[in-house]
Each structure stands twice: as C-alpha cells, then as structure tokens.
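Novice: Dropping the structure in here first, questions after.
The values are calculated or read from the model by the stated rules, or taken from the named source; none is laboratory data. Just so it is clear, the model here is predicted, and its values are computed rather than measured. For neighbour counting, all protein chains shown are included, and Cβ atoms are generated from backbone atoms with ideal geometry for every residue, glycine included. For accessibility, only protein heavy atoms count, side chains too; no ligands or nucleic acids. Shrake-Rupley method; radii C 1.70, N 1.55, O 1.52, S 1.80 Å.
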Amino acid sequence: MDVLTENFSLYGEGFLGTVELTVYASLLALALGFLMASCRVAPVRSLRAVGTVWVTVLRNTPLTLLFFAVLLGLPRFGLVLPFQLFAVLALGCYTSAFICEVLRSGISTVPKGQGEAARGLGMTFGQTLGAVILPQAFRTVIPPIGSTLIALAKNSAIAGAFSVTELLGTYRTLNERGFSIIWTFVWIAVGYLVITLAISALFNVLEKRWGLVR
C-alpha cells in the first residue's frame, strides 16, 4: 500500500491522463469509424475505395509504428501539436479501422429490402443510412464496439513511451524512487482494470437498453 499512498498524486495524474486519452481517442475513433463505414457501403466506387484503403492500411500497421509516423512524421510537414493530441490522433485513427468493420458487419445484418424501400420513398443515401440502416445496425454491434474501446484503453499504454502522461508511464518515476516494481505494476494494473470495467459497465447498460434481445 505504501507505493499507492505515498504516490497517490502521481498515480492520479497518470490515471486521469489515460482516461483523457481513452475518451478523446474513442470519440475520434467512433466518428471516423462511422464515416469510413459509410464509405464502405456507399454506392460510389471512389468512396468505397477510400474506406477500403483506410481500413486495410490501418488494420495492418503496428500501432507503435503508427505512433512513430504521427509523432515524428507530421511535424516534418509543419504540423506541430502537443504530444497528447498526437497520441489521440494515432489511437483514434488506428481504432477507427476496427470500429468501421464492426459497423459494416452490423449494417450487413439489416435486410436489404429496408434500404430499397427507403430509396423508393425518395430518401437519399445519407438519409437512408442515418434514419433507417444505422439505428438498426447499432443495436447489433454494441458489445463488439465496447470490446474495441476496451482494447483502445489498453493500447493507450504505448503513449507513455512518447512522453505522454498516462498510467503505465508512472512506473519509471516510481522505479527511480526505489519502490517495489512488482507493487508498482500491481497498482497500475488495478487502474487499467477500473477503466476497462467502467467501459464494460457502460456498454452493458447500453446493450440492455438498446441491444437486440437474443
């Protein structure tokens, strides 16, 4: 307990840093995932190609390499931002590829006749997708989206290697102070457990309220 009680502010700072990364990157991932899923099912071939390239490249790129590309590559093009924002971009873009595929799988469960009926009523592709297809698809993909965001929370640990304040990075300071490395990591693990359980609880509530009854 001494590791936690004597360094509570340090753990708290790292915990809040991880929460902020998770929240902001999740919002970005959901927004980009929705956009790319819309491209993947769009009737325009060029949009489908954009969505396919986005998913293929990001799903097959190691997250650490993507961090290097964003944090070290973008400043070479004149885009200089705080490291935390770079980390949000890397995590959000990477996770958006998985969110996209989850949403696309949900869209495929909606009967094609519903989309055809909506178009027969004069609705545009955007109206059909937003008012008819996605509300039904969302109900089927609540659990996998939750699992994907839990993975994002754990992936945020990579940001600590790039000078971003987050929970795992606290071990370096505590190690320098001479505290037990085992108990240091035990309390770090507890912090991640709290975050992942909170995400799981949130999506359990969403599933009970809006999910399909199996």
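Novice: Hey, of (1) 38, 21, 11; (2) 37, 19, 16; (3) 28, 21, 20, which did the structure itself give for semi-axes √(5λ) of the Cα gyration tensor in Å when calculated?
Specialist: (1)
Novice: Here's something else I'd like to know. Order the peptides 121-127, 88-94, 104-110 from the highest to the lowest mean number of other Cβ atoms within 10 Å of their residues.
Specialist: My ranking of the peptides, most packed first, is 88-94, 104-110, 121-127.
Novice: Using the Cα centre as the reference, give the magnitude of the dipole from point charges on the C-beta atoms of the chain (Lys, Arg: +1; Asp, Glu: -1; all else neutral), rounded to the nearest 20 debye.
Specialist: 1000
Novice: Find the relative contact order for the stretch 84-173 and round it to a whole percent, using C-alpha pairs within less than 8 Å whose residues are 6+ positions apart.
Specialist: Normalised by residue count, the contact order of the stretch 84-173 is 34 percent.
Novice: Near V41, within a Cβ-to-Cβ distance under 10 Å, what is the net charge of the other residues, with Lys and Arg +1 and Asp and Glu -1?
Specialist: Taking every other residue near V41 into account, the sum is +3.
Novice: If you roll a 1.4 Å probe over the heavy atoms of the protein chains, what accessible area per residue do you get for the stretch 19-169, in Å²?
Specialist: With all protein chains present, the stretch 19-169 gives 49 Å² per residue.
Novice: Hey, quick one: spin label on R119, modelled 7 Å out along Cα-Cβ, who in the stretch 87-111 has an amide N within reach, i.e. under 17 Å?
Specialist: 107-111
Novice: To the nearest 10 degrees, how steep is helix 134-155 against the longest Cα principal axis of the chain, on a 0 to 90 scale?
Specialist: Compared with the principal axis, the helix lies near 20 degrees.
Novice: How far, in degrees from 0 to 90, does helix 8-40 lean away from the longest principal axis of the Cα atoms of the chain, to the nearest 10?
Specialist: That helix lies at roughly 20 degrees to the long axis.
Novice: While we're here: Can you give the extra length, in nm with one decimal, that the chain gains between K112 and Q136 once fully stretched, where that is 0.36 nm per residue apart less the Cα-Cα distance?
Specialist: 7.4 nm
Novice: Of the residues V70, V186, V55, which exhibits the maximal mean-square fluctuation in a Gaussian network model of the chain defined by a 10 Å Cα contact cut-off?
Specialist: So, out of V70, V186, V55, the one fluctuating most is V186.
Novice: Label the stretch 85-184 by shape, choosing from rounded, prolate and oblate, from the square roots a ≥ b ≥ c of the eigenvalues of the Cα gyration tensor; if a/c is under 1.5 it is rounded, and otherwise prolate applies when a/b is larger than b/c, oblate when it is not.
Specialist: prolate
Novice: Continuing with the same structure: How many nm separate the modelled label positions at W183 and V80, each set 7 Å beyond the Cα in the direction of the Cβ?
Specialist: 4.3
Novice: For the Cα atoms of the chain, what angle does the longest principal axis make with the long axis of helix 45-59, in degrees from 0 to 90, nearest 10?
Specialist: With rounding to tens, the tilt is 20 degrees.
Novice: With a 1.4 Å probe and all protein chains left in place, how much of the accessible area of the stretch 1-147 comes from carbon and sulfur atoms, in whole percent?
Specialist: Within the stretch 1-147, the accessible surface is 68 percent carbon and sulfur.
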